[in-house]
Amino acid sequence: MDHMTHIFHRNPRQSLPVAVGGEGIELIDQSGKRYIDACGGAAVSCLGHGHPRVVNAIKAQVDTLAYAHTSFFTTAAAEELASMLAASAPGSLNHVYFVSGGSEAVEAGLKLARQYYVEIGQAQRRFFIARRQSYHGNTLAALSIGGNAWRREAFLPLLIPAHHVAPCYAYRDQLAGESDAQYVQRLADELEQKILEIGSDKVATFVAETVVGATAGAVPPLADYFRKIRAVCDKYGVLLMLDEVMSGMGRTGYLFACEEDRVEPDIVIIAKGLGAGYQPIGAMICSDKIFNAVVEGSGFFQHGHTYIGHATACAAALAVQTVIQEENLLANVRQRGEQLQQRLREVFAEHPHVGDIRGRGLFVGVELVADRASKQPLAPAQRTHAKVKAEAMARGLLVYPMGGTIDGRQGDHVLLAPPFICNAIDIDEIVHRLAPAIDAATGYAT
Ligand code: PLP
């Protein structure tokens, strides 16, 4: 399509095909070409496209009531969805605040964390600690805590102060001879040191993606990492906020990714899989402790947007979550996820440019390298991740690659996040199309 249109795309020099339809796991462009949506945009379309139950729920909600402002009304869709989420969220995470997407949900979480300390008389707590190689959104506060240096560079003078520690990224950072337990302890010690350096009474919240998504390619934490982190946070009265915008809502085979880590955060952030792309919706879920501090303190969360608790978005998300529960899709995510990793390991067993395959459930990353043995990253100027995307699209496959220099560290990876409705044949076909795309992009001839 001619790029001189009026829509301001993220990359205005790029011409994009026009998406005209979606059926099941496929998207269709204006030429009739079909693409297997193996990344759901960016881990969004967990039920694929055109799911009749979700489409009908949206139609029914619009027919009845599309929207009512939350300073006047609540709605049945919002109430029911909140109850459903509270019932499935870990422990005392019982209070759900609906917004329109991930960044908004992160902003709400950061502001609530700050307000919590004001409510309980610890207003000096104003610093956030997050991790390098992380992404929490593009609004200014979310960008401030994100560890993605190139995204932040132009906006540095506008950002709020934030501190960063290392992510749990075993493939890159675990030392030779270091056990998992030693590595995890080293990371927990680093967080403790950072808290002490800032001043233990000045830190408000530690923020992390439970499984790192876009910036590192589906990197799960090692067992016990978050339990150790939780213990450090508790020791110094620091809140733990987990960003599950990508990894939450069943993507890892658990509704909340942190269930697998047996850790309960004070705040959890969800978005993409919540509405599965049928409507824009995200949510911030907080614990009884935080909620009660607001109710018993000022009585008002000093935050809000026009579209919070949007009735149609909530109705769509309610339908999505009902389908996931009733069709037992989390079990399918776990099974198909295992198959996906296994097939990738078989196909890329000897590939000199595939360094690591990791993930949880249907949230899988493939890290590309110049040399498998030394783990030497590919040169950023080669833009291998962009080539993989183009080669995959040419073969009718959508994957979500990321690369270049991210927070001082070079790396290229491909993120796979297929719909939860995939069957075994679909998974084989995804790998069948991805393998030649990676060969072509890395210049490797099998
Ligand atoms: N947090 C994480 C972990 C994300 O992956 C994203 C988006 O990719 C966001 C936050 C921001 O979400 P949104 O793009 O909906 O604002």
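Looking only at the stretch 197-237, which residues are surrounded by 24 or more Cβ atoms within 10 Å (Cβ to Cβ), in a loop (DSSP other than H, G, I, E, B) and among the hydrophobic types (A, V, I, L, M, F, W, C)? Within the stretch 197-237, V211, A216, A218 qualify.
For the stretch 238-252, filtered to residues that are part of a strand (DSSP E or B) and within 12 Å of the ligand (Cβ to nearest atom), the residue that is surrounded by the most Cβ atoms within 10 Å (Cβ to Cβ) is D243.
Taking the stretch 359-388 as the range and being surrounded by fewer than 21 Cβ atoms within 10 Å (Cβ to Cβ) and within 15 Å of A214 (Cα to Cα) as the test, only A386 passes.
Scanning the stretch 110-136 for residues that are closer than 30 Å to E296 by Cβ and near the ligand (Cβ under 10 Å from one of its atoms) yields a total of 1. Exactly one residue out of L175, L191, L159 is touching a Phe, Trp or Tyr at 6+ places or on another chain (Cβ under 8 Å) and within 19 Å of A204 (Cβ to Cβ): that is L191. Checking each residue in the stretch 137-165 for being away from the ligand (no atom under 12 Å from the Cβ) and crowded, with 18+ Cβ neighbours inside 10 Å picks out S144, R152, A162, H164, V165.
Out of R114, R125, R172, one residue alone is touching a strand residue (DSSP E or B) at 6+ places or on another chain (Cβ under 8 Å) and in a loop (DSSP other than H, G, I, E, B). It is R125. Among the residues of the stretch 33-45, is there at least one that is more than 16 Å from the ligand (Cβ to nearest atom) and part of a loop (DSSP other than H, G, I, E, B)? Yes, that holds for at least one residue.
Exactly one residue among A86, A57 is under 23 Å from H303 (Cβ atoms) and either modelled with pLDDT under 95 or not in a loop (DSSP other than H, G, I, E, B) (or both), and that residue is A86.
For the stretch 272-315, enumerate the residues that are more than 16 Å from the ligand (Cβ to nearest atom), within 17 Å of T75 (Cα to Cα) and assigned to a helix (DSSP H, G or I). Hits for the stretch 272-315 are A311, T312, C314, A315.
The values are calculated or read from the model by the stated rules, or taken from the named source; none is laboratory data. Quick caveat: nothing in here was measured; it's all calculated off a predicted structure. Every residue, glycine as well, gets a Cβ built from its backbone with ideal geometry; the counts of neighbours run over all protein chains shown.
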